[in-house]
Every structure is written in structure tokens, then in C-alpha cells.
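A short reminder: the numbers here are calculations on the coordinates, not readings from a lab. For clarity, every value in this text was computed on a predicted model and none was experimentally measured. Cβ placement follows ideal geometry from the backbone for every residue including glycine, while neighbour counts extend to all protein chains displayed.
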Amino acid sequence: MESDALFTLGEPAGAPAGASGADGFTDARADSPLPVRMRPAGIDELVGQEHLLAPGAPLRQLVEGAAPMSVILWGPPGSGKTTIAHLVARATDRRFVAMSALTAGVKDVRAVIETARRQRRSGGPPTVLFIDEVHRFSKTQQDSLLAAVEDRTVTLLAATTENPYFSVISPLLSRCVLLTLQALDDDDVRGLLRRAVADERGLGGALVLAEEAEDHLVRLAGGDVRKALTALEAAAATATALGAGRIDLAVAEQAVDVAAVRYDRDGDAHYDVTSAFIKSMRGSDVDAALHWLARMLVAGEDARFIARRLVIFASEDVGMADPTALTVATAAAHAVEYVGLPEAQLNLAQAVIHLATAPKSNSATAAIGAAVADVRAGRGGPVPRGLRDAHYSGARGLGHGAGYRYPHDDHRGVVTQQYAPDDLVGTDYYQPSGHGAERAVATRLPLLRRIVRGLPAPATRAEAGAPAAVNGARVGGGEQASGASEGGSDAAEGGQ
């Protein structure tokens, strides 16, 4: 059984794995967690999303069953996404199926859709399919929803904490209404805390919440009402154990230990901390980068999310200045999966130190950006005949592969030959920096381009400079060059 602390995803007999019917949204019991007991009984009790609750608004229509539109709910944790799903399940006469992207697969999705299709044909109620954490679905899993959402076999209600423009495929996004939920402001959280203290579903007035303790819980929550109510429940349990009738600041601090340190303690949101983390590494401030890493780890951030950011950073901001950076970041990501927290924080810290202190280059980022821009602008003609696939029967008769020169037949390993489409000949996408290991590439690249493009040698000795290595061979001299002469002292720098 999966639980998201707001409702239970039960598994009725015969339901696909990872799915549940509306019966899985059980009524709160006396021993249910405080966030479950305090969930809204109707849409008008929903707090903090006034921009979505106006008469005729898509969210209100969805809850009231007035329109079969598919909706994606995007918002931070504790903003009400699963509460809205609970309200939809309770407030409509449609068949409701809840599914967690953490446990469901394509087979489960197809089973729900097929059942919905059969019920629709037999005149049964329409189906609402709720998928929690839809961003965890692969492209294939999301693809399996398209036809059913398109023809309204199911009305999709999907929840995600990640930007859907990056985590949800465009065809699915275009078939849904995107509703953005905001983190609750301090006044909203404060109001819910006071309601929970007084309401019979909550503490029932049995304890008094001191103003200082209330302020502490509001700061701790950072707009996450689930976190606020969970902390309040812990503080109430501590006060009761101490025989106190009042939750003061000391009790609140005692109840919520260091593991609950607020991610955005100084008012910065999840994405702000992530941004500060990346920019600190980019700016080579290793100490600041380690601080932001610690903030994320202590707050309970998914270590896999941090690892993914490191792998991206290794190519985006270090790149060819230190080619080992990608290896280090990838190894850290593997360690996170293999070892897990808390030990994997050592692997993450090592990777952060390596990336922050490495020489920096964004040449790979700029190069692929320029190449993609040309493709999108329509540049790029047919593949040159010499480069076309010639392995199949009849290809040679079409001229495929004709005139192709095999670079390994040349003592330098480089030959004059057209590789780019006609309209892109001579285009330079890659512009190496002079940082770290890339300095050697910056020296070698003009020679490679001159040979490949059949350009004349520099006119003067000053322009030519000393002979340089191309794939280990001296241009014009034919003698082998060692890796040390090719990379120089910067080879060591690139590995730091």
C-alpha cells in the first residue's frame, strides 16, 4: 500500500498493481496522521489556491464534475495536489482510479484504460485517472496515455512537483490543462495551524500553541502545509509526553530535530537553492557549493536529483577543460544508486569538489547550441556522397561511398575530405577555450581544420609557429609526438 500522507492508495482486489479505486481514499481515523485528519472536506476549504478556485475555473469544474477535461497539477510539495485528487474522488459520480508513477508500469496503465473503455461502451460512468508524480513516468509510459486522453476514454488528473515543460512529453501536455499551484504563504500556513489546534479533527483545543512556537513551525514549513501539520503533531506529542498543556518554542524545537531543517530557511525556494548550488560550482567557490549541497542533503532532497545536476554540469560548465569531470560526475551518480544515503554524500561531496575546482569551459554547450540553431533554421543539405552508407547491395551503383578516403590510411590519421553538407562547409561550431586541458585542443584544432578543409599552410613562419601534433603525428615532419608534448603542463591542470 502506498501512502502520500494525505490519502491512502489502497489496492482493491483485481486492481492493477499501483492502482486503486475511489475506495482507496479512506476516511480519516482517529489515529490517522494530522495532515490526513485535517484535509479539506470540500473545495471551499482548500487554502492558498484562490487563483484556481473562481467560479467556472478549470479546477472547480474538475472537482464538481462539470467538464471532462484532463488536468496536470504542478506545484511544490504540500501545496494541495493530492488533496485536490481526494476532492475529485469524493465530489463526482465518476469512477476514480488512483495510480502512483513510482509503482505503476505501462501494463497497469493499459489495464485501467481498457477497463475504462469497456465501461464507457456499456454505458457505465466515465473514468478519472489520477497519476501521482507523473514526472517519474518514462516517455513510453506517458505515450501510453495519449490516445485515451485524446478521445476522453479517461479524464487524466496528473500531479507533479517538477516543471512539466521538461518532465512531461509535449503531446501529453498539449492535451491537458496545466494548473500551477503555489506554495502557501505564511499567513495561510498560520491559519491552518490554528485551525488544526482548535478543530475536533485536529488537537481539539487540548493544547495551546505559543506564538513563538507557531512562528517557528511556519518558518519550518516553507509553504508546505503537510510539513507544518506533521511538525505540529510531533510538537503536540512531545508536549503531552512532558505533561505540558502548552506547546512553547522549546517544545517545538525539541520535537523537530535537525533532520527537518528547512530547505528554504532564508526564504529561498527549492529552485533557488539548486540555482545557488550550480552557480557556486560554476564560479569555482567550492566552499559555497559544499554549503548548498549540505542544505539539500539535510533537507532530504533526492540524491539522484543532485547527481543528475552534477552530470549535466560536468559537460555544460567544465567540458573539455577537464574531460575527466564527466567521468567523476557519472561515477558519483552511480554511487548514489549503488550505495545510497547517507554514505553517498561522500561521493557527492567529492564530485562537487572536483567540479568546483576544475578549470571551466562552456565550449561544448555553445557548440551544440549553435549546431542545433542551424538545423532548426533549415540549414544542412544532403549527406555528401562519399559519406553515405554503402554496405548494402546496389549502394555503390548509386554512387554511395564513392571517393571516400579512409583517414587511417594517412600517416597523420587525418585527410582532406568534405564531411559537412555543402551549405555548412567551413562552419566553425566548436570554439575551444584556453582553459585547462582544452588549451592543447585549441592548438591542435586549427591544424585539423586546415587539413580536413584542404586549406593552404600559413604564409609566414611566424603564423605557422612550431610544428604541432595532429593525432600524434607532426604536421609536415611525420615523426611521432608524445602525449606530454601534445598536452604540455596543462595536462596536469586539466585533471585537478
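Extending 7 Å from the Cα toward the beta-carbon at both ALA237 and GLU200 defines two label points whose distance is 2.5 nm.
Taking label points 7 Å from Cα along the Cα-to-Cβ direction, ARG152 and ARG449 give a separation of 5.8 nm. Taking a straight line from the alpha carbon of LYS107, these lysines sit under 22 Å away, with near neighbours fewer than eight places off in the same chain left out: LYS139. Computed about the Cα centre, the dipole magnitude for the stretch 292-404 is approximately 540 debye when only Lys and Arg (+1) and Asp and Glu (-1) carry charge, each at its Cβ. Around the Cα centre of the stretch 28-168, unit charges on the Cβ atoms of Lys, Arg, Asp and Glu (plus for the first two, minus for the last two) sum to a dipole of about 480 debye. With a Förster radius of 25 Å applied to the beta-carbon distance between VAL372 and HIS408, the computed FRET efficiency rounds to 0.25. From the square roots a ≥ b ≥ c of the eigenvalues of the alpha-carbon gyration tensor of the stretch 266-337, which class results: rounded (a/c under 1.5), prolate (a/b over b/c), or oblate? Taking the square roots of the gyration eigenvalues as a ≥ b ≥ c, the stretch 266-337 is oblate. Scanning residues 5 or more positions from VAL208 or on other chains, those with amide H under 5 Å from its amide H are ARG246, ILE247, with H placed 1.01 Å from N in the peptide plane.
Packing here is the average count of other Cβ atoms within 10 Å per residue, and on that basis the peptides 42-48, 186-192, 54-60, highest first, run 186-192, 42-48, 54-60.
Note on ASP187 and ASP143: the model spin-label points, each 7 Å out from Cα along the C-beta direction, lie 4.9 nm apart. Gain on full extension, evaluated as 0.36 nm per residue between ARG246 and ASP285 minus their Cα-Cα distance, stands at 9.5 nm.
Backbone geometry of the stretch 435-449 corresponds, through the Karplus equation with coefficients 6.51, -1.76 and 1.60 at θ = phi - 60°, to 3J(HN,Hα) couplings of 9, x, 5, 6, 4, 5, 5, 4, 6, 7, 4, x, 5, 4, 5 Hz, x marking Gly and Pro.
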